[in-house]
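Worksheet for the structure shown next.
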Amino acid sequence: MSHIYVTKLILETQSPMAINSGHREEGFDTQLAREVNGLPYIPASAIAGVWRHLAHQRLADDGLPLASWFGTTEGASRLTISHGIVHDSQNRPVSPLMPAQDIANDPILSRLALARPHHRERVAVNDRGAAKETGKFDQILLPKGVRFSVTLQWHSDEMSEHEQQQWQALLALWADRHFTLGASSRNGLGQIKVIACEQTSFDLMQGPSAGQALQQFLHSENTSTQPLTPADDRHQRRLASLPLQAVDNWRCGSGTTRLGDHDTGNDIGIKTYSEPEIHWQANGGAFSEPRPILCGSSIKGILAHRLAYHVRRHQADWAEDRDTMTHAEWQVRPDALSSLFGAATSSQGEGIAGHLFIDDADVTDYRTTVRTHNRIDRFTGGVQQGGLFSEELLYQPKFTLNIWVSQNTRLSSTLQAALADTIEDLRQGLLPMGAGSGRGTSLVMPQTGAEWIVNWSALETENLETERAQ
């Protein structure tokens, strides 16, 4: 083992990330994993777990010796993986014991050091499309654009051509869109991008000079940008790319920041959901102004609700036949949806992961407007005193739904037909995508001139239209 091979990576989050510690923050359901400075970090165990799982899915059939690279209970791993160390606003990884004053003076670190640097509120949806009672929970997140440094090391006498091919195949997995870190990756969270990669080796037979060069390389703040071999695209299963535009005024979620400059004289009561992100120019980073986002979890909830409707329709499971069911039985979704969305418990008693991945959708090309509403007294039917409120809406914004599936995803003919009907509802403008559908503020239609892509071959099944015709 006379040679040490070292790879330095700089990662940038492409969506908010939930690297949780397993503990609860006061007032919230989760807590970020933090290092000695009190700053967020990515545990090496989390990186190793995701990397090995993806390698098993992608490379096990190619004969790559995963037990040798990642270790087993009977043998140590060849790889040494560092924690992911966060970068400051000057694009430098933080030191192990950074002065508190330096953290407070840095515009990025000072926000990341907060107990709640960013969070999303989520709610479960019942069979009627409304918020489920006791179904609300929160997620504390890192914002989009945070950068981390990760160092990978392994030893060998002399790297053979075969080892070089194995290593490049493993490293290419970092460019796979399914290499996601943290919780809720199927709801668009935890996506990363390798923005810098530098590889080198050190011959320990050269004595102390090699050790000094190794330490200098490991502690260098500069990482040269080298191309990372892209992952094999045969595993990139994009099911659909659906460009949509609001028919009229539109809103999603519930935010806290105005997106327009309106002289209303009063505070706006309801705002669309928005969140800031970190933008980098050269080696400087700063938080941007909040921008509207349609969260992947919101998209997934809307699709799941409409899919449940179509599955029941194809199974001839009518409401008239459910008159003796309890409220709890009404809210149980069809078992067929588990193959796409997963389940906390299955018929075998264990949870199963879903096969559907949905990205956050950036909302663009809009202007804002304010609408004023009155609450109605349910008893008199008149205006409720003190019930005047305003709502900020976006006029005809654009966004694209990107839907992915796992490799070898296979669905029943009933679920395939329900999925096709759901996507067709979107194309026909029959499925509201946003908030306030009762007031008509979430109706959407396909973008004019944009390509509407649905790739049924991603499911690796027989032709859908043939199955539906049978």
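In the complete set of protein chains, residue-level accessible area for His53 is approximately 110 Å², probe 1.4 angstrom. Over the chain, dividing the summed -39,500 (n - 2.57) contributions of all DSSP H runs of at least 4 residues by the number of residues returns a 222 nm mean residue ellipticity of -6000 deg cm²/dmol. Remark: C-alpha extents of segment 250-347 on the principal axes read 58, 41, 21 Å, sorted largest to smallest. The candidate values were [x] 22.4; [y] 25.8; [z] 25.0; the one computed from these coordinates for Kirkwood radius over Cα pairs in Å carries the label [z]. Taking the Kirkwood radius as Rh and the Cα radius of gyration as Rg, segment 340-453 has a ratio of Rg/Rh equal to 1.10. Highest-first packing order for the peptide set 9-21, 209-221, 417-429 is 9-21, 417-429, 209-221, based on the mean count of other beta carbon atoms within 10 Å. Karplus-based coupling profile of segment 411-425, in residue order and whole Hz: 10, 5, 4, 5, 5, 4, 5, 5, 5, 4, 5, 5, 5, 5, 4, with θ = phi - 60° in 6.51 cos²θ - 1.76 cosθ + 1.60 and x standing for Gly or Pro. The alpha carbon centroids of segment 274-322 and segment 93-157 are separated by 19 Å. Averaged per residue, the chain has 50 square angstrom of accessible surface, using a 1.4 angstrom probe with ligands and nucleic acids left out. Evaluated over the chain, the count of Lys pairs having alpha-carbon atoms less than 30 Å apart is 19 (only pairs 8 or more residues apart or interchain). Remark: segment 35-40, residue by residue, has Karplus-estimated 3J(HN,Hα) of 9, 5, 6, x, 9, x Hz, where x stands for each Gly or Pro and the curve is 6.51 cos²θ - 1.76 cosθ + 1.60 at θ = phi - 60°.
Assign one of three labels to segment 397-436, namely rounded, prolate or oblate, based on the Cα gyration tensor with a ≥ b ≥ c the square roots of its eigenvalues; rounded applies when a/c is under 1.5, prolate when it is not and a/b is larger than b/c, and oblate otherwise. Here segment 397-436 falls in the oblate category. A convex hull fitted around the alpha carbon atoms of segment 1-117 yields 165 Å³ per residue. To the nearest ten degrees, helix 44-59 and the longest principal axis of the Cα atoms of the chain are 80 degrees apart.
Give the carbon-plus-sulfur fraction of the accessible surface of the chain in %, rounded to a whole number; probe 1.4 Å, heavy atoms of protein chains only.
Working: 11320 of 23690 Å².
Answer for the chain: carbon and sulfur cover 48 percent of the accessible area.
The values are calculated or read from the model by the stated rules, or taken from the named source; none is laboratory data. Everything numeric here is computed off the predicted structure, so don't read it as measured data. In this analysis, Cβ positions are derived from the backbone assuming ideal geometry, glycine residues included, and neighbour counts consider all displayed protein chains. Calculation scope for accessible area: heavy atoms of the full protein, side chains included, ligands and nucleic acids excluded. Shrake-Rupley method; radii C 1.70, N 1.55, O 1.52, S 1.80 Å.
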